[in-house]
1. Based on what the data block shows, is W119 in contact with a strand residue (DSSP E or B) (Cβ under 6 Å, 6 or more places away or on another chain) and either in a helix (DSSP H, G or I) or within 17 Å of V6 (Cα to Cα) (or both)?
2. From the list A104, A110, A97, A142, pick out the single residue that is more than 12 Å from the chain's Cα centre (by Cα), of a type in the set (A, V, I, L, M), open to solvent by less than 70 Å² (accessible area, probe 1.4 Å) and more than 22 Å from A40 (Cα to Cα).
3. Quick check: anything in segment 87-98 free of Cβ contacts under 8 Å to residues at least 24 places away in the same chain and farther than 23 Å from Q49 by Cα?
4. Among (1) of a type outside the set (F, W, Y); (2) surrounded by 16 or more Cβ atoms within 10 Å (Cβ to Cβ); (3) at pLDDT below 90; (4) at positive phi, there is one condition S44 misses while meeting the rest; what is its number?
5. For F67, work out the one condition from (1) under 13 Å from the mean Cα position of the chain (by Cα); (2) open to solvent by less than 60 Å² (accessible area, probe 1.4 Å); (3) modelled with pLDDT of 90 or more it doesn't fulfil.
6. Which one of A84, A131 is surrounded by 16 or more Cβ atoms within 10 Å (Cβ to Cβ) and either touching a strand residue (DSSP E or B) at 6+ places or on another chain (Cβ under 8 Å) or hydroxyl-bearing (S, T, Y) (or both)?
Amino acid sequence: MRVHLVAVGTKPPRWVRDGYDTYASRLGRGWRLSLHEVAAGGRSHDDPQACEREGERLLRAIPERAFCVALDEQGKARDTEQWARQLERWSHEGGEAAFVIGGADGLSPAVHERADACWSLSPLTLPHMLARVLVAEQVYRAWTLLCGHPYHRA
C-alpha cells in the first residue's frame, strides 16, 4: 500500500519532521508513506488567488491513480478502525491513496473537486503542520491494527 501525504509547506519545524519520520519509518509489510510538499501560495488577505495557486500545486503532486482524501475540518469524521478498514480496501483496489492537507487558508475548490472523499481529523482547527504528524501516526496505527501489532489498544 502506497500512501501519499500531500501538504502545503516546505519548511516544517524539526519536531514535525521528526514526528512524521518516526511513524513513516515504522511501516512495514509492503506499506510506504511518502511526503510531497508544495510551496505555500501566500496569504489570502494579501492575494486572493493564493489558495488557488496552492491548489494547483497540490493537484500536480497527487498521483493520478491515487484515491484522494481532502483533509478538512468540515469533512466526515472517521475513527481509527474506519481508517484501517478503508486503507485495507484501497490496498486491494489499486494500492494507492493520497491525503491532502492545505495551508493556512484551507483547500481550494479545485482540490475539493478532485477529492474522492473529505475527512476531518478533528472538529478542532489544527495547525496544518501538526496535521502531518497526526496523519502519519494514524496511517501507522491503521497498519498495526491490520497486522495485529500490539501498538493499537482500543
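1. On the way: in contact with a strand residue (DSSP E or B) (Cβ under 6 Å, 6 or more places away or on another chain): yes; either in a helix (DSSP H, G or I) or within 17 Å of V6 (Cα to Cα) (or both): yes.
Spelling it out, W119 is indeed in contact with a strand residue (DSSP E or B) (Cβ under 6 Å, 6 or more places away or on another chain) and either in a helix (DSSP H, G or I) or within 17 Å of V6 (Cα to Cα) (or both).
2. Numbers: A104 fails: more than 22 Å from A40 (Cα to Cα); A110 fails: more than 22 Å from A40 (Cα to Cα); A97 fails: more than 12 Å from the chain's Cα centre (by Cα).
Step by step, each of A104, A110, A97, A142 is checked, and only A142 is more than 12 Å from the chain's Cα centre (by Cα), of a type in the set (A, V, I, L, M), open to solvent by less than 70 Å² (accessible area, probe 1.4 Å) and more than 22 Å from A40 (Cα to Cα).
3. From segment 87-98, those free of Cβ contacts under 8 Å to residues at least 24 places away in the same chain are 89, 92; that's our starting set.
Right, trim to farther than 23 Å from Q49 by Cα and you get 89, 92.
Yes: segment 87-98 contains one or more residues that are free of Cβ contacts under 8 Å to residues at least 24 places away in the same chain and farther than 23 Å from Q49 by Cα.
4. (4)
5. Only one criterion is unmet by F67, namely (2).
6. Numbers: A84 fails: either touching a strand residue (DSSP E or B) at 6+ places or on another chain (Cβ under 8 Å) or hydroxyl-bearing (S, T, Y) (or both).
The unique qualifying residue is A131.
The values are calculated or read from the model by the stated rules, or taken from the named source; none is laboratory data. No experiment lies behind these values; they were computed from the predicted model shown. Positions of Cβ are backbone-derived with ideal geometry, glycine not excepted, and every protein chain shown enters the neighbour counts. Areas reflect the complete protein model, heavy atoms only, side chains present, ligands, DNA and RNA absent. Shrake-Rupley method; radii C 1.70, N 1.55, O 1.52, S 1.80 Å.
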